[in-house]
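Below is one structure, written out as structure tokens, with a few remarks after it.
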Amino acid sequence: MCGLPGTGKTTASRPLAGRLGALYLRVDSIEQAIASSAMAPVDAVEEILRTIS
């Protein structure tokens, strides 16, 4: 889901993911983890994907 800040994306997507049995991912959290990681970006993404799998 995408949209401007404050338009209700999180409010709508969390319950929707629950109803669909889908995984809710917040891209901002993933980007923050990559930025604060000492690993190379590709390694960081692979580590995050392993963690949430």
Requested in this report: Consider only pairs whose beta carbons are under 8 Å apart and that are at least six residues apart or on different chains; among these, list those whose first residue lies in segment 10-30 and is closer than 25 Å to residue 45 by Cβ and whose second residue is of a type in the set (Gly, Ala, Ser) and not in a loop (DSSP other than H, G, I, E, B).
Outcome: 23/17; 24/13; 24/17; 24/18
Report task. Identify the single condition in (1) modelled with pLDDT of 80 or more; (2) in contact with a helix residue (DSSP H, G or I) (Cβ under 8 Å, 6 or more places away or on another chain) that residue 37 does not satisfy, given that it satisfies every other one. Result -> (1)
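The values are calculated or read from the model by the stated rules, or taken from the named source; none is laboratory data. This is a predicted model, so every value here is computed, not measured. Cβ sites come from the backbone with ideal geometry, for glycine too, and all protein chains shown count toward neighbours.
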